[in-house]
Amino acid sequence: MIGCFSLARETFDIKFAKKKLIKTKKIIKKLNKNISFFDDLITNDEIGQSALKHFENSKCTKFIVIQSTFTDAKFISSFVKKFKKPILFISFKEKRSGGRLRLNSLCGVNLGLHALIKNKFYSNFIIYSNDENSFSREILKFIKNHKFFTKTNYLEKITSSKKINKKLIEYRNPKIGLIGERPDGFDTCDFSSEELKSKFNAKIAKINLQSLFNISSKVDKKKISITKKNISKNLKNTNQVNQKELNKSISLFHGLENIQKKQSIDAFAVRCWPEMFTEYGCASCGPMAMMNENKISSACEADVLGSLTCNILNQLNNKPALLVDIVDVDEKDNTTVFWHCGLAPISMAEKNTPSATVHSNRKKPLLHNFAFKSGDITIFRVSKSENKLKFIVMNGKVLKRKNSFSGTSGVISLGKNTHKKIKNLFLSGLEHHVGFTYGNVLEDIKILGKQLKIPTYTI
């Protein structure tokens, strides 16, 4: 007996997700009639509990998890603790239309895999890209294979050949401002203050989310007006978004700026939803983009190690860095897509291309909207995959392409077999956020890893 259920989040395009789900279920039914489906989309804890009860007395020997949209890893983590059976994730490819990222399914798989691998539970995933024959073959492989997935070493350990007699890389110990807490189910954003202190001599300054709101709400209106005029010089369409919400968003930038100056913050890790939208009334993406431009790295979802990642890139390269999601893979095109809602600094765009927009799910400003400029990049993550601190680093290239999805995105080549490399990164437990900067600082990261006695890997 094969168990099958679907995960989704209601802030994404549920109608579109259901269409994908119906088609996928039909294919699975053709392959094996002995399937136990939990029919409701698991979108909240209550439905999740119903799903657990549904499978409690079943004789399922393995499970197919349809990742209909992006979700956190809360349910899948609890499911695996209860049902220790082989799991295959299914994600969906989306058309690179320049419009809304409707599902962000692949990133959901990325987040889920990381959480499971942290607990030494290994699984696999496939991407449904409308090639039904190939898709069916991959599912059949899973159905016929009666073994658990096991740990496989996908990463290659690398080190600098240089002797570390003295510090070759001058590394300034960062102070990270943690604003709010990471969302539930985001194991990818977990961290240890003790480990950060011992390995990086990094300090964490905890800042209440309400404190940011209070400071931001007191920003002088004239200051907001001046900033709005200044950003409008490099950002099209600022006059086409809700002006009250835009002003709030700009006030958040100045709130972050005030905290940074007062507390000597080097980087921020910010709880960017839902309270930014529901309580303060705007998006924090634009303000964080402006902080990123100033090389005060600002990471979404209170991702402290992501913030540290970008701070290291800032220090090594003296250029802005950005934390992104990996949201699409195209085997035929040999590319992947790096995306985030809209917090890329304007310097990462071609001249005269950035415009203002609203959050694709929450419909509030301010977000940047543009494709990343072409060029060589260094991709990096201070990772806790498999619960072990490590550096993961590689070189890549941003190709000259149109914006794949609304917000800020870039089409990325990792050289040969880009699709396979991304899959192997996911199966290695890489977090759902990865940092990058323009230029090549891979060797510097290898040296820093050697200095700090942190193992360094590539793919």
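The values are calculated or read from the model by the stated rules, or taken from the named source; none is laboratory data. Because the structure is a prediction, the values reported are computed rather than measured. Backbone-built Cβ (ideal geometry, glycine too); neighbour counts: all protein chains shown.
Quick notes on this one:
- The range 284-297, residues that are of a type outside the set (A, V, I, L, M, F, W, C) and either over 21 Å from SER232 (Cβ atoms) or surrounded by fewer than 24 Cβ atoms within 10 Å (Cβ to Cβ) (or both): GLU293, ASN294, LYS295, SER297
- Test: residue in the range 113-122 that is within 30 Å of LEU367 (Cβ to Cβ) and small (Gly, Ala, Ser): yes
- Here the condition is being surrounded by fewer than 24 Cβ atoms within 10 Å (Cβ to Cβ), under 23 Å from ARG102 (Cβ atoms) and modelled with pLDDT of 95 or more; of LYS416, LYS397, LYS423, LYS373, it holds for LYS423 alone.
- Residue in the range 52-63 that is touching a His at 6+ places or on another chain (Cβ under 8 Å), touching a residue at least 12 places away in the same chain (Cβ under 8 Å), surrounded by fewer than 23 Cβ atoms within 10 Å (Cβ to Cβ) and farther than 23 Å from THR188 by Cβ present: yes
- Conditions (1) exposed (fewer than 14 other Cβ atoms within 10 Å of the Cβ); (2) at pLDDT 95 or above; number of the one not met by ALA202: (1)
- Of all residues in the range 168-179 being part of a loop (DSSP other than H, G, I, E, B) and of a type in the set (A, V, I, L, M), the one that is farthest from the chain's Cα centre (by Cα): LEU168
- For the range 338-383, residues that are assigned to a loop (DSSP other than H, G, I, E, B) and among the small types (Gly, Ala, Ser) total 4.
- All conditions in (1) assigned by TED's automatic domain parsing to the domain that holds LEU430; (2) modelled with pLDDT under 95; (3) buried (at least 16 other Cβ atoms within 10 Å of the Cβ) hold for ILE169, with the sole exception of (1).
- Of the candidates GLY435, GLY429, the single residue that is farther than 21 Å from ARG102 by Cβ and either assigned to a loop (DSSP other than H, G, I, E, B) or among the β-branched types (Val, Ile, Thr) (or both) is GLY429.
- Of the set (1) out of contact with any Asp or Glu (no Cβ under 9 Å at 6 or more places or on another chain); (2) among the hydroxyl-bearing types (Ser, Thr, Tyr); (3) within 23 Å of SER193 (Cβ to Cβ), all apply to SER297 but (1).
- Hey, ARG182 surrounded by 13 or more Cβ atoms within 10 Å (Cβ to Cβ), of a type outside the set (A, V, I, L, M, F, W, C) and either without any contact (Cβ under 8 Å) to a residue 12 or more places away in the chain or in a loop (DSSP other than H, G, I, E, B) (or both) or not: yes
Quick grid of which residues meet (1) surrounded by 14 or more Cβ atoms within 10 Å (Cβ to Cβ); (2) out of contact with any helix residue (DSSP H, G or I) (no Cβ under 9 Å at 6 or more places or on another chain); (3) without any contact (Cβ under 8 Å) to a residue 60 or more places away in the chain; (4) in a loop (DSSP other than H, G, I, E, B):
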residue: SER216; (1), (2), (3), (4): yes, no, no, no
residue: LYS228; (1), (2), (3), (4): yes, no, yes, no
residue: LEU246; (1), (2), (3), (4): yes, no, no, no
residue: GLY255; (1), (2), (3), (4): yes, no, yes, no
residue: LYS261; (1), (2), (3), (4): no, yes, yes, no
residue: ILE265; (1), (2), (3), (4): yes, no, no, yes
residue: PHE268; (1), (2), (3), (4): yes, no, no, no
residue: MET276; (1), (2), (3), (4): yes, no, yes, no
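- Sole residue being surrounded by 24 or more Cβ atoms within 10 Å (Cβ to Cβ) and farther than 30 Å from HIS359 by Cα, chosen from ILE66, ILE76, ILE42, ILE87: ILE87
- Selection over the range 278-297 of residues that are in contact (Cβ under 8 Å) with a residue 60 or more places away in the chain, of a type in the set (Ser, Thr, Tyr) and part of a loop (DSSP other than H, G, I, E, B) gives a count of 0.
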